[in-house]
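The values are calculated or read from the model by the stated rules, or taken from the named source; none is laboratory data. Everything numeric in this text was worked out from a predicted model, so none of it was measured. Note that we place each Cβ from the backbone using ideal geometry, even for glycine, and neighbour counts take in every protein chain shown. Calculation scope for accessible area: heavy atoms of the full protein, side chains included, ligands and nucleic acids excluded. Shrake-Rupley method; radii C 1.70, N 1.55, O 1.52, S 1.80 Å.
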Amino acid sequence: MAPPKPGIVPLRPLMFGEIMDGSFQTIRRNAKAMLGASLLAQSLAAILTAVLTAATATSVGSIEAWAESASPADLTSLGLGFVAAIMLVAVLTIFLASVLQGAMVVPVARSILNRPTGFRQMWALARPRVGALMRLAALLMVAGLLAILVPAAATVALIASMERIGILLLIPMFLGLVALFVWIYIKLMVAPAAVVIEELGALAALRRSWELTRANWWRILGITLVVGIMVGVISQVVMIPVSLVPPLMAGFVSPHGGAGQDVAIAVAVGIITAVLGALAGALGYAFQTSVMALIYMDLRMRKDGLDISLLRMMESGADPDGIPGRGHGTARSGGYAGGWNPGTGPAPKAWPDGR
């Protein structure tokens, strides 16, 4: 007998196609929550891009004139201020994206039991976990900075001490660091979902993600690569019309224009690029987050028997306004609190498909 499918995926461990289809269905059924949160996550970067493009295009002449008479100290101050502004926006964007990524897990989990979720409801359910999500983002950010600074320092020391031989040694070192980064990224990928659904702290969520992904690393890597390629291709296709805007505007709007027309075209192209980039990025971000959340739910079905708990929840109609999976088989409660117990329910291979 096939397992039931009340929502976007069947209540059993998932196959690759089911994760892809479930992610698309989640976005379609909860468009306001998923795309709204994704647009917020992309908004800072999009606004900054549009403002910088417009400001640069309209003041390029005055900037060049100022740069000719500016002292090296003035140029250095300007460059440092620009870099600091970019880093500040990047930090804010990462924090906002991390919080919203955790919040977007809520519609995915609820869609498994065919429970639609609006933007306000998603935020209301995720709000108590914002602090833990921010701490998780801070930990990941510090780890990312260390992952950049330590290899950079090692590179400088290697080149300074060994010169040409040191440069040759950089290639295997770089490849090894990339492999290490990818391995750790996959191991910690479902930590935001664990923070929201299992109500874990930042460090506990990292440990939980490490545990859940054990023996599933290659499978998760394959899914992540396919999704990344899909999102990249779609984003490039969406941005193709932007490359056609400058010649079209120059040829039809004002074919005999001068410098003023060039500035206007540059500003328009910058704004259009930012808007389309934000839309494409929002769609890709929503899809990738949905995939991450379904991978997390799939891992818990495989390891915690969460599918049995969800089946019982569906049959009883319990907690219709809550988050499916919360309080069922969590790491904090020994693995089976409130959910499937090895002595009271079907064995892990009860479904015909197996696990």
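Segment 215-244 and segment 14-43 have Cα centres spaced 15 Å apart. In plain terms, if you count all Cα to Cα distances in segment 88-133 and split them into 5 Å steps from zero, the share in each step is 5, 23, 27, 21, 14, 7, 3, 1 percent. You can think of it this way: the chain between Ile229 and Arg120 has 36.1 nm of extra reach, that is 0.36 nm per residue less the Cα-Cα gap.
Let's test the formula: R0 of 25 Å, r as the Cβ-Cβ distance of Arg219 and Ile148. What FRET efficiency results, to the nearest 0.05? Display every interim value, and only then the final one.
Working: r = 28 Å, r/R0 = 1.14.
In this case the efficiency is close to 0.30.
Length available on full extension from Leu92 to Val275: 0.36 nm per residue minus the Cα-Cα distance, which gives 63.9 nm. Counting Lys and Arg as +1 and Asp and Glu as -1 over every other residue whose Cβ lies under 13 Å from the Cβ of Leu113, the net charge comes to +2. Taken along the Cα-to-beta-carbon direction at a fixed 7 Å, the label points for Ile171 and Ile47 span 4.6 nm. For the pair segment 280-326 and segment 191-206, the centres of their Cα atoms are 14 angstrom apart. For segment 83-155, the solvent-accessible area works out to 48 Å² per residue, with a probe of 1.4 Å and every protein chain left in place.
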